[in-house]
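The values are calculated or read from the model by the stated rules, or taken from the named source; none is laboratory data. Note that the structure is a prediction, hence the values are computed from the model and not measured. As a convention, Cβ positions derive from the backbone with ideal geometry for all residues, glycine included, and neighbour counts pool all protein chains shown. Please note that ligands, DNA and RNA were not included when accessible areas were found on the heavy atoms of the full protein model with its side chains. Shrake-Rupley method; radii C 1.70, N 1.55, O 1.52, S 1.80 Å.
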Amino acid sequence: MEKISYTPLIQHLQENGVLYNQLYQENELKYGPIDRAVLSRWMVQTVEPIVRAVDALYPDHLPQTFRACYTYTLQLLGNKAGIVHEEEYQAAWRLCVKVPSLVGLYPGRLLSAINAALDSIRAHQPEQVMQWIAAMEGTIGYVPALEEFLALGRINAWLVGMAHLRERAQQEFSKLRDVLKQALLGAFPNLNLGSAFEQEWPEKAAPQFIGAPGGYVGYGGTFASPPRVTQLGNQLLASDGEQAYAFFADAFGSVLLPDVPVQPKAVLKRSNLQGLEAYKARFGKQAIPFDDVISAVLLPSTLVLTRASSHHLFVYGWTR
């Protein structure tokens, strides 16, 4: 703490040292001791700039702002997420400096939302975390309300590959003010957002192989054995018999969400090859180069199939 240079914050720490020592000790009981040098670096490089920005607008909100920042910092350093992924979290927290009015009013909710977004994106699109942060940085300067911040977070998350947010993103984009829509389009200059909302796979006149998400769990993938897919309502489900997943895919990425309220064995029982037969009837028998397909689902513009020799889902897409 001795490296903090902002006088109002120094005074606050001097007056409330007992409180922050207690918070540290409670965190230490849960996670173990924290490297004081790392904690100091977080306070100086990340937290102090946030406090300065908020204090310039709401001087009386410094205590609640710092307490929220300190509490979440202890949590991130205690569970090691803020150490292993320090660059990502610090970059994301620096977004707060651009929206000090929101931080001053909702410090805990804002930090919690940012951390949750990073956790979710890292779980499904780990290479896109910094891209999401960059997209947010280019748009949140126009945000005066927490709900708009959260909406932009979800829209930007969809645009970096969180395919399950597509429908929600479309709904929220339609409600954004024009200045926010323009800022969002500016963050993705090569994107035709209207086309992306209308089509999962824009500009694909004929079916194309998109990718093969999933993989063997022993190599960092998802499935312990070759999975099967089926359709329940409008939802595509995949399972290896041990865990069931909801599968989402579009031009920006794909996501397998666990913990769906469907028994894994039910997915296996419902799986069949009807989707593959319908696909071949529409596009020709030579469209799929595999002879070991064990399940397939045909959606309006997407085919997802699985093979006996693979732990992956094979995805094909085209423009409707």
With a 1.4 Å probe and every protein chain left in place, work out the accessible area per residue of the chain in Å², rounded to a whole number.
49 Å²
As straight-line cross-link partners of Lys204, the qualifying aspartates and glutamates (C-alpha separation under 19 Å, not fewer than 8 residues apart within one chain) are Asp250
I'd like the accessible area for His312, computed on protein heavy atoms only with a 1.4 Å probe and all protein chains in place. Round to 10 Å², please.
70 Å²
Using a Förster distance of 51 Å, how high is the FRET efficiency between Val44 and Asn234, based on the Cβ-Cβ distance and rounded to 0.05?
0.55
Of every hundred units of 1.4 Å-probe accessible area on segment 7-198, the number belonging to carbon and sulfur atoms, as a percent, is 50 percent
Difference of contour (0.36 nm per residue) and Cα-Cα distance, Ala205 to Ile10:
64.0 nm
For the pair Leu150 and Ser112, how long in nm is the line joining their label points, each one 7 Å along Cα→Cβ?
1.0 nm
Roughly how many Å is it from the Cα centre of segment 118-180 to that of segment 212-272, as a whole number?
25 Å
Work out, step by step, the length gained on full extension between Gln286 and Lys269: first 0.36 nm times the residue separation, then minus their alpha carbon distance; give nm to one decimal.
3.4 nm
Amide N of segment 299-316 lying under 14 Å from the label point, which is placed 7 angstrom from the Cα of Tyr219 along Cα→Cβ
309-313
Reciprocal of mean inverse Cα separation for segment 24-71 (Kirkwood radius, Å):
11.7 Å
Hydrodynamic radius (Kirkwood) for segment 208-317, which is based on Cα pairs only, to one decimal in Å:
13.7 Å
Any aspartates and glutamates whose Cα falls less than 14 Å from that of Lys269, other than same-chain ones fewer than 8 residues away, would be Asp240, Glu242
Over segment 208-317, with every protein chain in place, what whole percent of the accessible area is carbon and sulfur at 1.4 Å, could you tell me?
50 percent
Report the residues of segment 114-156 in range of a label on Leu257: point 7 Å along Cα→C-beta, backbone N strictly under 20 Å from it.
114-129, 132, 150-156
